[in-house]
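Here's the structure, in structure tokens; my notes come after.
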Amino acid sequence: MEKAVSEKDDHYFIAMAIDLAQKGMNNNLGGPFGAIVVKKQEIVGRGQNQVTSSCDPTAHAEVVAIRDACRNLNTFELSDCTIYTSCEPCPMCLGAIYWARIERVVFAATRHDAAQVNFDDEWLYREIPLVWEERKLDYQQIGQSEASKLFDEWNAKSDKTPY
């Protein structure tokens, strides 16, 4: 029988995520964000924000931790995992968490705490529910019929790996 995660475990792992955030910030990797992915009380992935040091706007702590966990477990699916993160995930990270099939998120600071020091994702939260024609980003749709055929080909593909 698998051991349940206790509140003590949660505090232990969130402290590790916060420590990663501080170390990454102090080493100028990026902003003050850290995350770990845990499966069955074992750390399988670690990440610190590396946006500025890697010149990669997607190198948020959660995404880095998810990539690390997937490499370590040799899978693209992290069910039965919890992600511990020093701050409430932004919309991009939340999307990555859902795509990875992570079952649980434990976070420390809120997005509102981060906004107080200019890490403000609120504008992005407001953009997401809008239809693409109403978003601030300039969208243009072309080639739909050609691109849509790829979905039929994918659906008929016998050797695909579903995800």
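Just checking, how many residues over segment 1-54 are over 20 Å from VAL117 (Cβ atoms), among the hydrophobic types (A, V, I, L, M, F, W, C) and not in a strand (DSSP E or B)?
Here the count works out to 6.
If you check every pair at least six apart or on different chains, which have Cβ atoms under 8 Å apart with a residue in segment 34-56 that is at positive phi first and a residue that is open to solvent by 50 Å² or more (accessible area, probe 1.4 Å) second?
LYS40/GLU2; LYS40/LYS3; LYS40/ASP80; GLN41/LYS3; GLN41/VAL5
Would you confirm whether or not segment 5-12 contains a residue that is over 21 Å from ASP121 (Cβ atoms), surrounded by fewer than 19 Cβ atoms within 10 Å (Cβ to Cβ) and of a type in the set (Gly, Ala, Ser)?
So the first thing to find is which residues in segment 5-12 are over 21 Å from ASP121 (Cβ atoms), and the list is 5-12.
Retained after the next criterion (residues that are surrounded by fewer than 19 Cβ atoms within 10 Å (Cβ to Cβ)): 5-12.
After this cut, where a residue has to be of a type in the set (Gly, Ala, Ser) as well, the list is 6.
Yes: segment 5-12 contains one or more residues that are over 21 Å from ASP121 (Cβ atoms), surrounded by fewer than 19 Cβ atoms within 10 Å (Cβ to Cβ) and of a type in the set (Gly, Ala, Ser).
Which residue out of ALA69, ALA114, ALA108 is outside any helix (DSSP H, G or I) and open to solvent by less than 70 Å² (accessible area, probe 1.4 Å)?
Exactly one residue qualifies, and that residue is ALA108.
Tell me which residues, restricted to segment 89-105, are part of a loop (DSSP other than H, G, I, E, B), closer than 23 Å to LEU29 by Cβ and either small (Gly, Ala, Ser) or in contact with a Leu (Cβ under 9 Å, 6 or more places away or on another chain) (or both). Talk me through it step by step, then tell me what you get.
We begin by selecting, within segment 89-105, every residue part of a loop (DSSP other than H, G, I, E, B); these are 89-90, 100-103.
Now restrict to residues that are closer than 23 Å to LEU29 by Cβ: 89-90, 100, 102.
Across segment 89-105, the qualifying residues are CYS90, ALA100, ILE102.
Give GLU146, GLU127 a once-over and let me know the one that is among the charged types (D, E, K, R) and within 26 Å of the chain's Cα centre (by Cα).
Criteria check complete, one pass: GLU127.
Restricting attention to segment 24-62, which residues are surrounded by fewer than 21 Cβ atoms within 10 Å (Cβ to Cβ) and of a type in the set (Phe, Trp, Tyr)?
Scanning segment 24-62 gives no hits.
Report, by residue number, each residue of segment 133-160 that is open to solvent by less than 100 Å² (accessible area, probe 1.4 Å) and closer than 30 Å to ARG111 by Cα.
ARG135, TYR139
Restricting to segment 78-89, give me the number of residues that are touching a residue at least 60 places away in the same chain (Cβ under 8 Å) and over 13 Å from the mean Cα position of the chain (by Cα).
Residues flagged as touching a residue at least 60 places away in the same chain (Cβ under 8 Å) and over 13 Å from the mean Cα position of the chain (by Cα) within segment 78-89 amount to 0.
Restricting to segment 82-99, what's the tally of residues that are crowded, with 24+ Cβ neighbours inside 10 Å and farther than 17 Å from TYR125 by Cα?
Qualifying residue count, segment 82-99: 4.
The values are calculated or read from the model by the stated rules, or taken from the named source; none is laboratory data. Quick caveat, the model's predicted, so the values are computed rather than measured. Note that each Cβ is placed from the backbone with ideal geometry, even for glycine, and that neighbours are counted across all protein chains shown. To get the accessible areas, we keep the full protein, side chains included, count just its heavy atoms, and leave off ligands, DNA and RNA. Shrake-Rupley method; radii C 1.70, N 1.55, O 1.52, S 1.80 Å.
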